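The structure is given below, and queries will be raised subsequently.
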Amino acid sequence: MLIAIEGIDGSGKTTIAKFLEEELKKLGYSVVLLKEPTDSEWGRRIRESYNSRLRPEEELELFLKDREYDVRENIVPSLKQGKIVIMDRYYFSTIAYQGALGFNPEELREMNEKIALKPDLVFILDIPPEKAILRVKKRGDKPNDFERIEYLRKVREIFLSTKNAIIVDAMKDLEEIKREILDKTVEKLKDHLKKD
């Protein structure tokens, strides 16, 4: 099973992804947690560019190459081994962030779904950009160009329009968020196992 945890920076993706990995392991599942961008040459170039934005076309090309690598080298092999794969960011981030730069979100989705597997579950942690930026600053990170308020508002809108995603209010109590995500995941796993 493939699970994507999505949302703007500061929404709690990494915290939730790690929590879900730990809880599913406790339940006896074999789990792998992956993060995009990866450590591939393309992923490294994306991360190096965080404070000096690349041209949008160049950035998009790097994200697609990095994702193609991730699918081939990490996601597909893990799924073939019967593991649950949890993604801390996946192609919905590209749709939202690059879509907010002016690319057509629908075309971005099609481009990505040619190279990437559709997840069985997509969680979008929703938070107002103003709150997200405060969280990013609180953890000691300096917000980068990806985190300007107006831009993040557009990113958030695109995330919220994602079809078949479970929108989770990331302003709620953390324990409540964890419980909601774990419950929905376990429910989906039971359905998934019935199909097999």
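Coordinate-derived values only; no laboratory data. Every value quoted in this text rests on a predicted model; they were computed, and no experiment measured them. Cβ: placed from backbone, ideal geometry, glycine included. Neighbour counts: every protein chain shown.
At q = 0.10, 0.13, 0.17, 0.18 Å⁻¹, work out log10 I(q)/I(0) for the range 2-195 with the Debye formula, treating every Cα as an identical point scatterer and leaving solvent out; two decimals please.
Debye intensities relative to I(0), on a log10 scale: -0.39, -0.68, -1.20, -1.35.
Moving to a separate point now. Evaluate E = 1/(1 + (r/R0)^6) for Asp169 and Glu22, where r is the Cβ-Cβ distance and R0 equals 22 Å; express this FRET efficiency to the nearest 0.05. Intermediate values should be presented prior to the final figure.
Details: r = 22 Å, r/R0 = 1.01.
Efficiency for this residue pair is about 0.50.
A follow-up question, please. With +1 on each Lys and Arg Cβ and -1 on each Asp and Glu Cβ, and nothing else charged, work out how big the dipole of the range 2-195 is about its Cα centre, in Debye to the nearest 20. Write down the numbers at each step before the final one.
Working: 38 positive and 38 negative charges, 89 e Å.
Charge dipole of the range 2-195: 420 debye, to the nearest 20.
What distance in nm separates the simple spin-label points at Val186 and Arg45, each placed 7 Å from Cα in the Cβ direction?
4.4 nm
I would also like to ask the following. Arg135 versus Lys114, label points 7 Å from Cα toward the beta carbon: distance in nm?
3.4 nm
Here is a further query. Which lysines have a Cα less than 20 Å from the Cα of Lys80, not counting those fewer than 8 places away in the same chain?
Cα-Cα hits under 20 Å: Lys25, Lys35, Lys114, Lys118, Lys188, Lys190, Lys194, Lys195.
On to the next question. Counting other beta carbons within 10 Å of each Cβ, put Ile3, Ile181 in order, fewest first. Present the calculation step by step, with values, prior to reporting the outcome.
Numbers: Ile3 25, Ile181 22.
The order, fewest Cβ neighbours first, is Ile181, Ile3.
Would you calculate a helix-derived [θ] at 222 nm for the chain, using -39,500 (n - 2.57) for each DSSP H run of n ≥ 4 and dividing by the full residue count, to the nearest 500? Walk me through the numbers on the way to the answer.
On the way: 9 runs with 106 residues, N = 196.
That calculation yields -16500 deg cm²/dmol at 222 nm.
Oh, and also: Expressed in whole Å with the largest first, what are the equivalent ellipsoid semi-axes of the range 1-57 derived from the C-alpha gyration tensor as the square root of 5 times each eigenvalue?
Details: eigenvalues 160, 35, 15 Å².
Over the Cα atoms of the range 1-57, the ellipsoid semi-axes are 28, 13, 9 Å.
Ok, one more. Fewest first, what order do Ser11, Ser30, Ser49 take by the number of other Cβ atoms within 10 Å?
Least crowded to most crowded, the residues run Ser30, Ser49, Ser11.
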